[in-house]
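This report concerns only the one structure given below.
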Amino acid sequence: MSSKTNYSYIGIAFIILVFGILFIPKIVDRIKNDDISRSDRISNVPDNNFSNTEKLMFLEIDGEAKKVPDFSFINQNRDTITNKDYLGKVYVVEFFFTTCPTICPIMSQNLVQIQDRFKGIDGFGVASFTINPSQDTPEVLKAYAEKYKITNPNWNLMTGDREDIYQLANLGFNLYAAENEDVAGGFEHSGNFALIDKNGFIRSRADNFGNPQIYYRGTITEKEKYNEEGEEEEISMLKEDIKKLLNE
């Protein structure tokens, strides 16, 4: 075997090693978070022609754009709220609970920051679903809204049938939620936000490979201006993308 062939094999091995170091941990992390179906395609060929400034992408499953499932719950004012109440509006979806001692306060603070950014814009809203409905009654949700200075009339904190909420979280949005007595607060859930357009479709910008990013990390803190890759943190990106959808 020639030395030239040996160099070729060494070069290929080096490329495989670099790919494993850079990309496999990120793919495993996405699967462990249970926010993305294990059948989702992860492209390994960057689309260098795609820019995050372009039109936001649709999340597609089996070739069809993913739409928000039908839902009907009671909000903090004891009004019945359905997915139809959000048609014509751009909104952010989260799953939380009021006694959460870990990530929920950060998520709520970030959403209030977004609320204040779009203050007075009737076309923007938030849908917050509690994963502890037996505790989080409309009265409890109303007190929570007052505590965090939630003023947007289109921000509904919703409670209702436990099974319906968990089905909406885990199957409707693929945003993980579960009871777990071994974790702080007794519940665990995704810290991600979903962005919904005026027609009820899940939208997002693309990742570095041209695939939809799908969700936005809602647990970013004030100290985390940039992520590990040196890119602008995701709350700022979410604000930019809300504006894009409002202008569509």
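Values for this structure:
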| item | result |
| --- | --- |
| Cα-projected label distance for Arg162 with Thr99, points at 7 Å along beta-carbon direction, nm | 1.3 |
| Peptide ranges 187-199, 59-71, 157-169, 116-128 listed from the most packed, as the mean C-beta count within 10 angstrom indicates | 187-199, 157-169, 116-128, 59-71 |
| Spread of Cα-to-Cα distances over 10 Å intervals beginning at zero, given as percent, for the range 117-171 | 23, 46, 27, 4 |
| Charge sum, other residues only, whose C-beta stays under 12 Å from Leu141's C-beta, Lys/Arg counted +1 and Asp/Glu -1 | -1 |
| DSSP beta bridges in the range 107-211 [antiparallel fraction, %, rounded to 5] | 55 |
| Residue pairs, from the table Lys67/Lys223; Lys55/Lys84; Lys84/Lys223; Lys84/Lys149; Lys67/Lys119, whose Cα atoms sit over 31 Å apart | Lys67/Lys223; Lys84/Lys223 |
| Reduced Cα scattering model of the range 137-248, Debye log10 I(q)/I(0), q = 0.24 Å⁻¹ | -1.48 |
| Solvent-accessible area per residue, Å², over the range 75-189 with all protein chains present [probe radius 1.4 Å] | 44 |
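The values are calculated or read from the model by the stated rules, or taken from the named source; none is laboratory data. Remember, it's a predicted structure, so these values are computed and weren't measured experimentally. FYI the Cβ positions are ideal-geometry reconstructions off the backbone, even for glycines, and counts take in every protein chain you see. In case anyone asks, the SASA skips ligands and DNA or RNA and just uses the protein heavy atoms, side chains included. Shrake-Rupley method; radii C 1.70, N 1.55, O 1.52, S 1.80 Å.
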